[in-house]
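Note sheet for the following structure.
Please treat every number below as a calculation from the coordinates, not as lab data. Since we're looking at a predicted model, the values are computed, not measured. Note: ideal-geometry Cβ built from the backbone for every residue, glycine included; neighbour counts use all protein chains shown.
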Amino acid sequence: MEMIRKKRSDNSLIATYLAIGATVVGVMMIFGILMLLAQGGVLELQPAAFYQFLTIHGTGMIGAAALAGAAVMWYFLRNYVDLSKKIFGLNLLFSLIGIVMVIIGVFSFEYASSWTFLYPLPALSANAWGTIGALLYLVGMLVLGVGFLLMYIDVGRAIIKKYGSLGKGLGWDVISGKKAEADAPPATVVASTMVTIVNVTALTAGATVLIMNIINVINPSFTFDPLLAKNLTYAFGHIFANSIIYMGVIAVYEILPRYTNRPWKANRIFLIAWTMSTSFTLVIYTHHMLMDSVMPKWMLIMGQILSYANGLPVLVITAYGALMIVYKSGIKWDMASGLIFISMFGWTVGVVPAIVDATIVVNHVMHNTKWVPGHFHMYMGLGAVVMIFGFMYFLSKEDSSLKTNLFDRIALICYTLSIIGVSGGFLVSGALSTPRRWATHFPDWMGPAVFGAVSGVLAAISVTIFVIHFIRYMMVRNKGNEGKVFHERKLA
Amino acid sequence: MRPGILGILLYGILLLPPIIGLLEGQMILHMLVQLPLLIFSGWLCGAAILRRMPNYRAKWNGNGIPGILVIVFITTYWMLPRAMDESLVFWQVELFKFIGLPFAGLCLRDSWPKIKLVGKSFLFLNYLSMFALMAWLYIDAPVQICNNYAAQEQQLLGWGFLFITATMIIYLVQMVFTDQSEST
Ligand code: HEM
Ligand SMILES: [Cu+2]
């Protein structure tokens, strides 16, 4: 009973994470819509404003989704290992400070390097922004990174304490046959271990390149090798952005079994898939370098081959597992299980254009077209983010007696269609060779942008409905009249 | 020999003018030998000194974090290339070096056992990325950064930092991938 009460009080911190994350995602969608309207020639927007919107949209989406993803991970992982709530709270605090600095830097000081802050752009803006804006943004990102780094250190510490090492957290002793499959670490632990490994790497690389940029902004006479800077920047950005889906997928592993009363078994193939994706994720950021002919050829070829394979092992094993666990299970479909299932669809569909793009031949044509946002809006917007929304409905159901209504179900359908619309608009633009990150489009390119904007409005409305439901849940549980022993209630 | 005496001895040796001349004559020796040895001397003397002032320790450095902050500030300062330069030119900076760094070592002695594993790991990773940055800065800089040292020495120092960074990475990887369940 004591345990349950403690967990319930931790839930309020988790809910805060999710409420902030989902709200920011919704607000960032508005900036996305404004960008599309500007590109579509409907809205008069100064290019400077467009690039500020681009910067805040990219940074905000990745930051907010990562926060919410961390909450999903933390919620389930605490059942297996001993996590520090203090550090989890600290991460939220640092993230909020970082976000505020980034917002001030972008909107008050017109900083607009896009979220990839590629060296030497932060210092060389041709006076589009000044030192203060760049410093606010870069230091803000650093502060954000400090919070996340602390959290992953704590997660890693807890996993090592319980399982002995990160290798064992990935189940290497089961893979090697030293331990029986039945004793394999739970799927949640495996995924959390993977995310810890790749994100500690990403954040350490990110800290190096952020401080480098800060030095360069303060004193431009200190210059650095731009190619190494690009490598480190994408090692940070690519990995960190990718990690979101690997935190979100924990919701799939935990929620579907509860709905079907079938366990999600981490068998040997599952473990191998996760280990493969761990190592691929660490090296395939090189696909961002395919245009850099100075990179060693072997690295680029590796980047290409592994890009085909990057998320694929985990995706295949998870999609297959999800189908198997649902198949003839008599699962009851509601908002949570529905969203979780859709997220698997979004993830799968979103990966296909990525694989096409990762081919060097295609990449020379498609890279830097809107094809690229086309693929990642699909797997982020309809994959990772939907896992988070699904978890939010799961939490509100498990932790309160709040019911969903017709609006929620309509929002689910609208959201799915609208993200397909947004991503489809991008993909069509890409096929028309529309460059990405261009504030203004030729008339030929405008159609898909306007279509995307209209779809985007629908998405933003749907997210608003999701958020309203979640806020209502937070209000209900704050009233404290949820005294029932909720965990004994069966979902299935 | 008791560590305290060893520390004083080490400090004394580091103070000898010929040793100062030798270590400060080469950039890499200055940064990666003299500065760390000064910290080490403070750390060696630490136990004996700290034993005599338990109240101060509890009052000022109860949880170890103030001490760690002192260390971070002092060591970060000495990572600035101009700090090394100035210590050769201004006696005040040289004095600060010979007092500040042993003091950092003393703080290290007091703070390290007090901070939690998460804090230790965080510090470790921070120094890891700082050292990587130093390696990058010194190897890559197209200009001579310090007035008193040639560009070539600067590069050598960069490689020294790279070596340290690589060692830290190897240490980290073997720590997290070998079984820790017996030892802790
Ligand atoms: C209503 C939904 C959305 C709309 C209308 C939208 C719109 C846009 C637009 C117009 C761009 C710039 C495309 C260009 O390069 O020309 C963009 C970029 C981007 N979006 Fe979205 N977006 C939406 C949802 C999302 C979501 C859910 C995420 C992630 C969780 C996301 C992450 C990003 C990222 C990372 C970029 C790249 C920024 C850059 O190039 O620096 N977006 N989005
Ligand atoms: Cu990438």
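If the cut-off is 16 Å between C-alpha atoms, which lysines fall inside it for A:Lys297, apart from same-chain ones fewer than 8 positions away?
Partners found: none.
Can you give me the angle between helix A:385-399 and the longest principal axis of chain A, using Cα atoms only, in degrees from 0 to 90, rounded to the nearest 10?
Around 30 degrees separate the two axes.
Report P(r) for chain A: all Cα-Cα distances, bin width 20 Å, range 0 to the bin holding the largest distance, values in whole percent.
Bin by bin from 0 Å, the calculated values are 24, 60, 16, 0.
Enumerate the amide H contacts of A:Thr369 below 5 Å, restricted to partners 5 or more residues apart or on another chain; note that Pro and chain-start residues carry no placed amide H.
Excluding prolines and chain starts, which carry no amide H, the hits are A:Arg436.
Where in chain B are the DSSP H helices whose C-alpha atoms run 15 Å or more along the long axis and whose mean Kyte hydropathy is at least 0.0?
Membrane-span-like by this criterion, though nothing is claimed about a membrane: B:3-15, B:35-51, B:65-79, B:91-111, B:117-140, B:151-177.
Find the centroid of the Cα atoms in the range B:131-184 and in the range B:77-111, then give the distance between the two in whole Å.
A separation of 20 Å, based on Cα centres.
Counting alpha carbon pairs within less than 8 Å and at least 6 residues apart, what relative contact order, in whole percent, applies to chain A?
18
Excluding same-chain residues fewer than 8 positions from A:Lys370, which aspartates and glutamates have a Cα within less than 13 Å of its Cα?
A:Asp357
Report, largest value first, the span of the C-alpha coordinates of the range A:217-289 along each principal axis, in whole Å.
Result for the range A:217-289: principal-axis Cα extents of 63, 24, 14 Å.
For the range B:48-138, run through the chymotrypsin sites (Phe, Trp or Tyr not before Pro) and keep only the ones in DSSP coil with at most 15 other Cβ atoms within 10 Å of their Cβ.
Counting only loop positions with at most 15 other Cβ atoms within 10 Å, the chymotrypsin sites (Phe, Trp or Tyr not before Pro) in the range B:48-138 are B:Phe90.
Of A:Lys7/A:Lys265; A:Lys85/B:Lys120; A:Lys168/A:Lys230; A:Lys397/B:Lys120, which sit over 29 Å apart, Cα to Cα?
The pairs that break the limit, which is 29 Å between Cα atoms, are A:Lys168/A:Lys230; A:Lys397/B:Lys120.
What is the helix-to-structure angle for A:85-103, meaning the angle in degrees between its Cα long axis and the longest Cα principal axis of chain A, kept from 0 to 90 and rounded to the nearest 10?
Taking the Cα atoms of chain A, the angle to A:85-103 is about 20 degrees.
For the range A:1-131, treating each Cα as an identical point scatterer without solvent, what Debye log10 I(q)/I(0) comes out at q = 0.13, 0.18 1/Å?
Taken in order of the listed q values, log10 I(q)/I(0) reads -0.64, -0.97.
Can you work out D for chain B in µm² s⁻¹ from Stokes-Einstein, where Rh is the Kirkwood radius over C-alpha pairs, the temperature is 37 °C and the viscosity is 0.692 mPa s?
D, rounded to a whole number, is 185 µm²/s.
Taking springs between alpha-carbon atoms closer than 10 angstrom, which of B:Leu137, B:Leu14, B:Leu172 fluctuates most in the Gaussian network model of chain B?
Maximum among the listed residues: B:Leu172.
Let me have the 222 nm mean residue ellipticity of chain A computed from DSSP H runs of 4+ only, each contributing -39500 (n - 2.57), with the sum over all residues rounded to the nearest 500.
So the calculated ellipticity at 222 nm is -25000 deg cm²/dmol.
Calculate one ³J(HN,Hα) per residue across the range A:52-61 by plugging θ = phi - 60° into the Karplus curve 6.51 cos²θ - 1.76 cosθ + 1.60, and present them in order as whole Hz with x for glycine and proline.
Values, residue by residue: 5, 5, 4, 5, 6, 5, x, 4, x, 4 Hz.
Relative to the longest principal axis of the C-alpha atoms of chain A, give the angle of the C-alpha long axis of helix A:312-326, reported between 0 and 90° and rounded to the nearest 10°.
40
What's the center-to-center distance, using Cα atoms, between the range A:35-104 and the range A:210-232 in Å?
So the separation of the two Cα centres works out to 24 Å.
Considering only DSSP states other than H, G, I, E and B, which trypsin sites (Lys or Arg not before Pro) in the range B:76-178 qualify as loop sites with at most 16 other Cβ atoms within 10 Å?
B:Lys114, B:Lys116
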